[in-house]
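Asker: This is the structure I have questions about; it appears just below.
The values are calculated or read from the model by the stated rules, or taken from the named source; none is laboratory data. These figures come from a predicted structure and were not determined experimentally. Because the Cβ atoms are built from the backbone with ideal geometry, glycine has one as well, and the counts that use them run over all protein chains shown. For accessibility, only protein heavy atoms count, side chains too; no ligands or nucleic acids. Shrake-Rupley method; radii C 1.70, N 1.55, O 1.52, S 1.80 Å.
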Number of protein chains: 2
Amino acid sequence: MHTDLVAALDIGGTKIAGALVDGHGRIQVRAQRPTPAREDGDTVMRAVQEVVGELTVSPLWERATAVGIGSAGPVDRSAGTVSPVNVPGWRDYPLVGRVRAAAGGLPVELIGDGVAITAAEHWQGAARGHDNALCMVVSTGVGGGLVLGGRLHAGPTGNAGHIGHISVDLDGDPCPCGSRGCVERIASGPNIARRALENGWRPGPDGDTSAAAVAAAARAGDPVAVASFERAAQALAAGIAATATLVEIDIAVIGGGVGKAGEVLFAPLRKALSSYATLSFARHLAVAPAQMGTDAGLVGAAAAALTERTGAAAAGV
Amino acid sequence: MHTDLVAALDIGGTKIAGALVDGHGRIQVRAQRPTPAREDGDTVMRAVQEVVGELTVSPLWERATAVGIGSAGPVDRSAGTVSPVNVPGWRDYPLVGRVRAAAGGLPVELIGDGVAITAAEHWQGAARGHDNALCMVVSTGVGGGLVLGGRLHAGPTGNAGHIGHISVDLDGDPCPCGSRGCVERIASGPNIARRALENGWRPGPDGDTSAAAVAAAARAGDPVAVASFERAAQALAAGIAATATLVEIDIAVIGGGVGKAGEVLFAPLRKALSSYATLSFARHLAVAPAQMGTDAGLVGAAAAALTERTGAAAAGV
């Protein structure tokens, strides 16, 4: 049987990935280009067109019924535009119209990258079977997305779930976003490393000062490294508890490089959650590591396209 | 034409109000009893039964098709139980089953009181026409509810929108809920008054140390009173901005006694919001005072019952 496929695009500051994805979330064809992030907008768009072009010459293309895009944000789903922080050539760039033209007029669904990851975890990963979930990426930045009432909650502009930029410390350090004490300002990988260094942690002979190196030191018992992860866990817990208190979720899924730190992060996170998620309906919240790998953005963009085309039941999102 | 009605119950720590409400949100019949909040659970229930009984003897009762309950929380909509903080005799009390029995078997919809207020503001008040809204009650406590995608978002247990107990100051003062730095701990009426008194504000000859008296002093230019409202506004802004960043809302409606303080609250609130709601999709957020009066709980409970019975279109929620 020749079932339908959707085309998926995962657009970030480093690479532009594309795929044809079947109704079970399996990637059938791939294409990829580096993102010429420092070039002008039309040059960046040409890289996208090359990726789409590579997909359209596949014999499977004729079965594609829609295109899903997960893009670095902010995005504006209602206007069909994107303004990725790390791609200065794109400001209110009409990505949806350009992709529709490149894809022969197929319907195009645009969501933010945190929302795409969430769609993937809900369809195939750690949030599967959960009707109310927060999925996060904790890495260079902190992003996320929400599933509410069994459906992806993208929000009118496709940016919902931006947990990295809620303030959990209203008098705290200024964040590049303009606010103060944001979850990202405390819990992102670079901030975990910065705080460890400021408090006297020193890297090993390889000179690695990444959050992964701080995590290794924490596992070996370095108290400054442990404390930096505990502080990150506290900020993540306050943000996750706020989400549970505001919209009711029963699981928070954490991916990204910092999410891979394991119990160095998850043990203090569970402890801090019991301090911040105190109301009866928020108290039984689970936290779990993400299950989807590097294809999460593509699989999630595909899920969004399938959902938009066929209703929530098809992709379970 | 004899259109349908719904019965509505608004259950708080002070009074139990009931009404028959028509499809336009107009109250046709009323009943009320004080809440015997310090008595055992069955005694409290008898007061509810008396209110329902008074409604059932109305000649209009035969047109009632459902019952909506807005109750002090926490509630558990999925279990049909309530555990209001201020009614210790009710813990996991099976209110829905008891009300259904008292109402001759009509279907019963249960939501938290913050959700009920939100349903009312969305149907008839300041959030009318807004598909994505946060409605708050800032008074002795701080409660709230959400409208997302044009529909009331009650959450699985009916408690969504509890903005008073999200932490905006993760190292802040302990809150009676068990967490720290909650919005309520900084912005509720009693905390506005406490902070003013601690910083040297003194009441007038009448000895009134309420938040309303602090508001009057702030309007007269008292700098300590002004500062206490500014701090409350900062915490409310951080919480509202967090909500906009997490779920995308375009308006925050503020009711309750503190909401009536007017520009003493709203001017610093708008200023603080521009500091905390910084992402493109959150930047155009409006704040507005609530429009519904003391019947908001009844009208909102009616809206929830109408919605549950006929789908979102009927009551616009």
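Asker: Could you grab me the full set of residues in the stretch B:82-112 that are within 20 Å of B:GLY300 (Cβ to Cβ), modelled with pLDDT of 95 or more and of a type outside the set (Gly, Ala, Ser)?
Answerer: B:VAL82, B:LEU95, B:VAL96, B:VAL99, B:ARG100, B:LEU106, B:PRO107, B:VAL108, B:GLU109, B:LEU110, B:ILE111
Asker: Just one of A:ASP131, A:ASP171 is within 12 Å of chain B (Cβ to nearest Cβ) and closer than 27 Å to B:GLN234 by Cα; which is it?
Answerer: A:ASP171
Asker: Would you be able to say whether some residue in the stretch A:30-38 is more than 22 Å from A:SER139 (Cβ to Cβ) and open to solvent by 80 Å² or more (accessible area, probe 1.4 Å)?
Answerer: Yes, that holds for at least one residue.
Asker: Collect the residues in the stretch B:134-148 that are within 13 Å of the chain's Cα centre (by Cα) and at the interface with chain A (Cβ under 8 Å from one of its Cβ atoms), keeping them in residue-number order.
Answerer: Within the stretch B:134-148, B:LEU146 is the sole residue that qualifies.
Asker: A further question follows. Give me the residue from the stretch A:183-201 that is more than 9 Å from chain B (Cβ to nearest Cβ) and of a type in the set (A, V, I, L, M, F, W, C) and, out of that set, surrounded by the fewest Cβ atoms within 10 Å (Cβ to Cβ).
Answerer: The residue in question is A:LEU197.
Asker: Tell me which residues, restricted to the stretch A:1-28, are farther than 11 Å from A:VAL51 by Cα, charged (D, E, K, R) and either at pLDDT below 95 or not in a loop (DSSP other than H, G, I, E, B) (or both).
Answerer: A:ASP4, A:ASP22
Asker: When residues of the stretch A:263-294 are filtered for being without any contact (Cβ under 8 Å) to a residue 12 or more places away in the chain and buried (at least 22 other Cβ atoms within 10 Å of the Cβ), how many remain?
Answerer: 0
Asker: Still on this structure, please answer the following. Quick one: in the stretch B:56-82, which of the residues that are of a type in the set (A, V, I, L, M, F, W, C) and under 19 Å from B:GLY25 (Cβ atoms) is nearest to the other protein chains (Cβ to nearest Cβ)?
Answerer: Once the filter is applied, the top-ranked residue is B:ILE69.
Asker: What pairs come out if I take residues in the stretch B:195-213 that are without any contact (Cβ under 8 Å) to a residue 12 or more places away in the chain and pair them with residues that are of a type outside the set (Ser, Thr, Tyr) whose C-beta lies under 6 Å away, six or more apart or interchain?
Answerer: B:PRO203/B:ALA213
Asker: Next question. Can you name every residue in the stretch B:196-230 that is within 19 Å of B:ALA272 (Cβ to Cβ) and β-branched (Val, Ile, Thr)?
Answerer: Answer for the stretch B:196-230, where residues must be within 19 Å of B:ALA272 (Cβ to Cβ) and β-branched (Val, Ile, Thr): B:VAL214, B:VAL224, B:VAL226.
Asker: Please enumerate the residues belonging to the stretch B:38-83 that are part of a strand (DSSP E or B) and under 16 Å from B:ALA8 (Cβ atoms).
Answerer: Matches in the stretch B:38-83: B:ALA64, B:THR65, B:ALA66, B:VAL67, B:GLY68, B:ILE69, B:GLY70, B:SER71, B:VAL75, B:VAL82.
Asker: When you go through B:VAL247, B:VAL253 one by one, which is the residue that is touching a Leu at 6+ places or on another chain (Cβ under 8 Å), within 14 Å of another protein chain (Cβ to nearest Cβ), crowded, with 24+ Cβ neighbours inside 10 Å and in contact (Cβ under 8 Å) with a residue 40 or more places away in the chain?
Answerer: None of the others qualify; the one that does is B:VAL247.
Asker: If you don't mind, another one. What residue, of A:ALA218, A:ALA235, is over 22 Å from the mean Cα position of the chain (by Cα), crowded, with 20+ Cβ neighbours inside 10 Å and in contact (Cβ under 8 Å) with a residue 12 or more places away in the chain?
Answerer: Selected residue: A:ALA218, the only one of A:ALA218, A:ALA235 that is over 22 Å from the mean Cα position of the chain (by Cα), crowded, with 20+ Cβ neighbours inside 10 Å and in contact (Cβ under 8 Å) with a residue 12 or more places away in the chain.
Asker: Taking only the stretch A:149-161 into account, find how many residues are more than 7 Å from every other protein chain (Cβ to nearest Cβ) and open to solvent by 10 Å² or more (accessible area, probe 1.4 Å).
Answerer: Within the stretch A:149-161, residues that are more than 7 Å from every other protein chain (Cβ to nearest Cβ) and open to solvent by 10 Å² or more (accessible area, probe 1.4 Å) number 4.
Asker: Does the stretch B:96-115 hold any residues that are surrounded by fewer than 18 Cβ atoms within 10 Å (Cβ to Cβ) and over 12 Å from B:THR65 (Cα atoms), and which are they?
Answerer: Within the stretch B:96-115, B:GLY97, B:ALA101 meet the criteria.
Asker: Something else now. B:SER71 passes all but one of (1) among the polar types (S, T, N, Q); (2) surrounded by fewer than 21 Cβ atoms within 10 Å (Cβ to Cβ); (3) under 20 Å from B:ALA120 (Cβ atoms); which number fails?
Answerer: For B:SER71, the failing item is (2).
Asker: Go through A:CYS177, A:CYS182 for me and flag whichever is at pLDDT below 95 and assigned by TED's automatic domain parsing to the domain that holds A:ALA212.
Answerer: One residue alone meets the criteria, A:CYS177.
Asker: List pairs: first in the stretch A:9-38 and among the basic types (Lys, Arg), second open to solvent by less than 30 Å² (accessible area, probe 1.4 Å) and in a loop (DSSP other than H, G, I, E, B), Cβ under 7 Å, 6+ apart or cross-chain?
Answerer: Cβ pairs passing all conditions: A:LYS15/A:THR35.
Asker: What is the one condition in (1) within 14 Å of chain A (Cβ to nearest Cβ); (2) surrounded by fewer than 24 Cβ atoms within 10 Å (Cβ to Cβ); (3) in a helix (DSSP H, G or I) that B:GLY164 does not satisfy?
Answerer: All conditions are met except number (2).
Asker: Moving on. Where residues in the stretch A:107-119 are more than 12 Å from chain B (Cβ to nearest Cβ) and within 10 Å of the chain's Cα centre (by Cα), which of them is farthest from A:ILE249 (Cα to Cα)?
Answerer: Only one residue fits best here, namely A:ASP113.
Asker: I would also like to ask the following. Can you tell me which of (1) β-branched (Val, Ile, Thr); (2) open to solvent by 20 Å² or more (accessible area, probe 1.4 Å); (3) part of a strand (DSSP E or B) is the one A:THR140 doesn't meet?
Answerer: Condition not satisfied by A:THR140: (3).
Asker: For the stretch A:65-96, name all the residues that are among the aliphatic types (A, V, I, L, M) and over 17 Å from A:HIS165 (Cβ atoms).
Answerer: Across the stretch A:65-96, the qualifying residues are A:ALA66, A:VAL67, A:ILE69, A:ALA79, A:VAL82, A:VAL87, A:LEU95, A:VAL96.
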